[in-house]
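Notes follow once the structure below has been shown.
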Amino acid sequence: MYIILISVHGLIRGHNLELGRDADTGGQTKYVVELARALAEHPDVSRVDLLTRQIIDPKVASDYSVSLEALTPKAYIVRLPFGPRRYLRKEVLWPYLDSMADQALQHIRSIGRVPDIIHSHYADAGYVGARLASLLGVPLVHTGHSLGREKRRRLLDQGVSSHTIETQYNMTRRIEAEEAAMDVASLVIASTRQEVEKQYSQYANYQPRNMQVIPPGTDLSRFHPPRGSIADTPLRHKLNRFLRDTAKPMVLAISRADERKNIHTLLRAYGENSELRQRANLVIIAGNRDDITQLDRGPRTVLTNLLLLIDKYDLYGHVAYPKDHHSNDIPELYRLAARSHGIFVNPALTEPFGLTLIEAAASGLPIIATEDGGPHDIVDHCKNGLLIDPLDADALGEVILSALNDRQRWRTWASNGIKGAHRHYSWQSHVTSYLKAVRRLLGQSSRARMIRPAKSRLPTIERMVVCDIDNTLLGDDAALAELVSKINSDTALGFGVATGRHLSSALNILAENSVPVPDVLITSVGTEIHYGKQLRSDTDWQRHIDYRWERDRLEDLLDGVPGLRLQPKENQRRHKLSYYIDPDKSPPIREIVRHLRQHNLTANLVYSHQAYLDLLPIRASKGQAVRYLAAKWGLPPRCILVAGDSGNDIEMLRGDTLGVVVGNYSPELRHLHGEPQIYFAHGHYARGILEGLEHYAFLVEQTK
Ligand code: GLC
Ligand code: MG
């Protein structure tokens, strides 16, 4: 198997990950690098490429500028150059993602092998992966890592305005990318069941049967149960300063000083249960601090409350809460707690995954954890403790006490945890489940046979111009004649059209305007492709785009929608369902899409001239057709100049193709202003195309 992983943002390299350096370089970065390594170790996997962004910026290490980095003999980080060279935060990468998809295609060509699986990580990669997978006919696997709808909900809860959420986080874009990825993906991998049930379920394209929970692997090499004597770490000395009787069992909690980690409920549980106070010590590790008064408001409040509660219940000599520790001390701390026959407690209001619980389990320390989130799965898998309601302090105190008192059960939990952590939470076990799930997908969707690394069909062509017909090629006869003669005189230049018209209508109008028959005709908004004078039709393309296309059901569902009226029969094609649309009477396009999705239908909706609405298969558009040709002929998108004027041209204008928008463009193209590699000509119609050819020096530079 050849697997492509895509993870767009942050700083990714094979050694010394700079985790926590910024918001984009954290858990996901570690996850994808470890996944790439672990997959490559499996004998069924022949190659893993982790695609990310190439960054050339003195502000970050030069490691991130290297195009190819070997992680293992079978796993590589492939850094693709797209967008500006400098390091950018993920929220501003959106305009460059089409270019990433084009670069990825070039990479695949250079490898000479179509991947068996494309696995995207996070919304941005989901966008790229969905395009690539559709184009190649390869199954897409997607992992959200964190989800936009959930994030928006939490930000709104915190009182952040919708406006800020939009401008700062580019939220709509993110959520749309997530919807698209979930729509195309054959498999969505989540880390916990709660993520599936509470978070993914907020999406229109939520398809629970396509989802699978496979928890990430954790590096358990540092976490093992106590054997022999326990090292005398500095942290142990720090604890002993707090505790009167260090021989008692240890009730241990480790978390950030964050309100949602709910440490104060644990203190209350302990403080109000006199038997528990006598029976055990409480050890709270809540980050490192120098001066509490200098901290941000969140941790400052949490730590101040902690000190006040200790005083209120008079817990001196019973509770340890060291100021600082080194992360290397933590494995010993779990072992110390296990040796004392103690317990690990995670009382968080909600816990997305629960890494500390797995570390505790691997150390032979039983757990008591919040019932909200990932701990559910952990206790289910490992059977090494109990879940609690994080709001009920009294019950928490009782549960801890009984866990400490039942020695028999304690021992069972301790040994279950050690076994369970290794069985369910190692990368090997992750890869076993992963490959099992992925094998089911292979051979399911029709693989496109479009990547032919060696031969191109039209070997003499080095560059190509692809023009829309109405209002782009046509409109200015003199300019058109000039354009045609330029194209004719350049033997290395191919000529194509991409139009909403069907084949015969396109041929007629071209003939009427004395335009020679093009090398390629992309007709019916990208759903049909014909070559050369014989007009040979590309049946591979037809088969490729047929995927998930249910024309009749779409037509039934849209029957009666206000503002929509079917176009005449000759405009209806096998893969194109076309309406006239009155935007004042019709619901917004987004609503129509939602309506389709609710009925499990999916289509590419293309809105042009504020008057036409075409429904196409999700794999079809003028833009997708142009990329298909690029791949088939071996022309990089940078060698294709495309020109258009209206909505159905958008997809071919974006990305690495050299885009030209003619001066008379229609308003739905306005938002393309400022996007990379889209030139807005002043001249109208063919005059604008000529201007675009000049702008990119398309004819001059490359002809000799
Ligand atoms: C052409 C087609 C029409 C389509 C429109 C927009 O006019 O004839 O069916 O809706 O282009 O793509
Ligand atoms: Mg047009």
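The values are calculated or read from the model by the stated rules, or taken from the named source; none is laboratory data. Keep in mind the model is a prediction, meaning the values are calculated, not measured. Cβ atoms come from the backbone with ideal geometry, glycine included; neighbour counts cover every protein chain shown. SASA here: full protein model, heavy atoms, side chains in, ligands and nucleic acids out. Shrake-Rupley method; radii C 1.70, N 1.55, O 1.52, S 1.80 Å.
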Exercise. Within region 38-70, work out how many residues are of a type in the set (S, T, Y), surrounded by 14 or more Cβ atoms within 10 Å (Cβ to Cβ) and assigned to a helix (DSSP H, G or I).
Key: 2
Exercise. Scan the strands (runs of 3 or more DSSP E) fully inside region 609-704 and keep the ones with 2 or more residues being in contact (Cβ under 8 Å) with a residue 60 or more places away in the chain and of a type outside the set (A, V, I, L, M, F, W, C).
Key: 612-616
Quiz prompt | Condition broken by L613, with the remaining ones in (1) out of contact with any helix residue (DSSP H, G or I) (no Cβ under 7 Å at 6 or more places or on another chain); (2) more than 16 Å from ligand 2 (Cβ to nearest atom) satisfied | solution = (2)
Quiz prompt | Evaluation of Q168 against (1) at positive phi; (2) surrounded by fewer than 18 Cβ atoms within 10 Å (Cβ to Cβ) (one fails), failing number | solution = (1)
Self-check item: In region 396-415, the residues that are in contact (Cβ under 8 Å) with a residue 40 or more places away in the chain and open to solvent by less than 70 Å² (accessible area, probe 1.4 Å)
Solution: L396, G397, I400, L401, A403, L404, W410, W413, A414, S415
Exercise. Search region 198-218 for residues that are in contact (Cβ under 8 Å) with a residue 60 or more places away in the chain and part of a helix (DSSP H, G or I) and pair each with any residue that is open to solvent by 30 Å² or more (accessible area, probe 1.4 Å) and hydroxyl-bearing (S, T, Y) when their beta-carbon atoms are under 6 Å apart and the residues are at least 6 apart or on different chains.
Key: none
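Mind listing just one residue for me: the one in region 367-389 that is assigned to a loop (DSSP other than H, G, I, E, B) and in contact with a helix residue (DSSP H, G or I) (Cβ under 6 Å, 6 or more places away or on another chain) and, of those, surrounded by the fewest Cβ atoms within 10 Å (Cβ to Cβ)? Break it down stepwise before answering.
Here is the first cut: in region 367-389, the ones assigned to a loop (DSSP other than H, G, I, E, B) are 371-372, 374, 383-384, 389.
Still in the running and in contact with a helix residue (DSSP H, G or I) (Cβ under 6 Å, 6 or more places away or on another chain): 383-384.
On the way: K383: 13, N384: 26.
Going through the qualifying residues, I end up with K383.
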Quiz prompt | region 648-660, subset more than 16 Å from ligand 1 (Cβ to nearest atom) and closer than 24 Å to V484 by Cα, residue nearest to the chain's Cα centre (by Cα) | solution = T657
Quiz item: Looking at (1) free of Cβ contacts under 8 Å to residues at least 12 places away in the same chain; (2) touching a Pro at 6+ places or on another chain (Cβ under 8 Å), can you tell me which one R222 breaks?
Solution: (1)
Quiz item: Limited to region 306-315, what total is found for residues that are within 27 Å of L336 (Cα to Cα), in contact (Cβ under 8 Å) with a residue 24 or more places away in the chain and open to solvent by 40 Å² or more (accessible area, probe 1.4 Å)?
Solution: 0
Self-check item: Matching residues, region 335-358, being within 27 Å of the chain's Cα centre (by Cα), under 19 Å from R222 (Cβ atoms) and surrounded by fewer than 24 Cβ atoms within 10 Å (Cβ to Cβ)
Solution: F353, L355, T356
